[in-house]
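The values are calculated or read from the model by the stated rules, or taken from the named source; none is laboratory data. Remember, it's a predicted structure, so these values are computed and weren't measured experimentally. When we count neighbours, we look across all protein chains shown, and the Cβ atoms used for this are built from the backbone with ideal geometry, even at glycine. For the accessible areas, the whole protein counts, side chains as well, though only heavy atoms, and no ligand, DNA or RNA atoms are used. Shrake-Rupley method; radii C 1.70, N 1.55, O 1.52, S 1.80 Å.
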Amino acid sequence: MKLLVEEANVFFTLMWGLQSFINQQCQILPGIKSAKEYADLPVTEKMKVRDKLWKSPNLIDAYVEKNPDSLSAQELDIVSKWKRFVSGGFQIFRHLKNHTIFIGEKSQVYGVLGLYDNLEDMFPDRPLPMMVKAVLLPFKEKIVYDGMLEAYNIFIGGGIRSGLNEAYMAAKQNNRIVTTLVPETVPQIQVRHQQKPGKDWNPVVEELVRACENLRGGSLVQNAAFALLRGSARVVQSAVQQTDDLEEIWRSKQQVQKALKRLQIVLDRAEQ
């Protein structure tokens, strides 16, 4: 997923204008007199100015105040909000239909859009997850990157992959995927959608619980297995009847763990 072409045009016009101003103020690349000249520079040269920008974000205020490019109020507002950037190391974890998943510090999960190109097309030969250094920015209630990504050639082991997957699944389950960095008055998470009423499973589950309660006796292995089945049925019953009472579901789950441990002990004792 990426911005519309006209949106990407606006983004880069504003970004190169801002960086050109900073370059002239700080004389990082002497001889560059206009935003057009600056835009034509190679990325390696722009990187010097870009790094100065995010190390001294107060320069954004100076640009907005002087408004050397005669921007509109809406355009100045876009640039001003870039002070709410998020920078650092991220794991590009997964490409989805609406955005690409970036996982940053403290397992914060972001939904990021590409600019002119889809992010999945930028590194076609690199397997995910992939570690990058990036600056994330707000842009029209979306999250984009600042136009430059530094990819690290680091192998991601199975343990890290598992941790990233858990961070993503937890954020997805709890609607904590950040898809906007502004405004501050709006929660910076996906809107929690009210779930549609599902099928009423109560009659089926109650019948299952009753049937499992009658499964008792037999050999030690059978008896332990029946106990595990009864406990599992009660977990399902709690999940169906107490959908918002996680403590009750958790207590039922602990009983299942005890039953499973008992079955394991019985199996370990059994002689082949």
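Just for the range 168-184: of the residues that are more than 16 Å from F90 (Cα to Cα) and of a type in the set (V, I, T), which one is modelled with the lowest pLDDT?
Step by step, filter the range 168-184, then rank; the result is V182.
Just one of the numbered conditions (1) open to solvent by less than 40 Å² (accessible area, probe 1.4 Å); (2) touching a residue at least 60 places away in the same chain (Cβ under 8 Å) is not true of K81; which one?
In the conditions (1) open to solvent by less than 40 Å² (accessible area, probe 1.4 Å); (2) touching a residue at least 60 places away in the same chain (Cβ under 8 Å), K81 misses (1) alone.
Which residue out of Y110, Y116 is in a loop (DSSP other than H, G, I, E, B), among the hydroxyl-bearing types (S, T, Y) and either touching a Cys at 6+ places or on another chain (Cβ under 8 Å) or open to solvent by 10 Å² or more (accessible area, probe 1.4 Å) (or both)? Can you show your working first?
Details: Y110 fails: in a loop (DSSP other than H, G, I, E, B).
After ruling out the rest, the residue left standing is Y116.
Considering only residues that are open to solvent by 90 Å² or more (accessible area, probe 1.4 Å) and either of a type in the set (S, T, Y) or farther than 24 Å from N98 by Cβ (or both), which ones fall in the range 134-153?
If the condition is that a residue be open to solvent by 90 Å² or more (accessible area, probe 1.4 Å) and either of a type in the set (S, T, Y) or farther than 24 Å from N98 by Cβ (or both), then N153 is the only one that fits.
Under 6 Å between Cβ atoms, which residue pairs at least 6 apart in sequence (or on different chains) link something in the range 204-222 that is free of Cβ contacts under 8 Å to residues at least 24 places away in the same chain with a partner that is open to solvent by less than 50 Å² (accessible area, probe 1.4 Å) and part of a helix (DSSP H, G or I)?
That search, which allows pairs on different chains as well, returns C212/R230; C212/A233.
Would you check which residues across the range 22-59 are surrounded by 15 or more Cβ atoms within 10 Å (Cβ to Cβ) and within 17 Å of V10 (Cα to Cα) and list them?
If the condition is that a residue be surrounded by 15 or more Cβ atoms within 10 Å (Cβ to Cβ) and within 17 Å of V10 (Cα to Cα), then A35, Y38, A39 are the ones that fit.
Quick grid of which residues meet (1) under 19 Å from E6 (Cβ atoms); (2) within 18 Å of the chain's Cα centre (by Cα):
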site: Y110; (1), (2): no, yes
site: Y116; (1), (2): yes, no
site: E120; (1), (2): no, yes
site: M130; (1), (2): no, yes
site: K133; (1), (2): no, yes
site: K142; (1), (2): yes, yes
site: G147; (1), (2): yes, no
site: E150; (1), (2): no, no
site: I154; (1), (2): no, no
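Given the criterion free of Cβ contacts under 8 Å to residues at least 60 places away in the same chain and at positive phi, identify the matching residue among K106, K66, K36, K48. Steps first, please.
Working: K66 fails: at positive phi; K36 fails: at positive phi; K48 fails: at positive phi.
Answer to the selection: K106.
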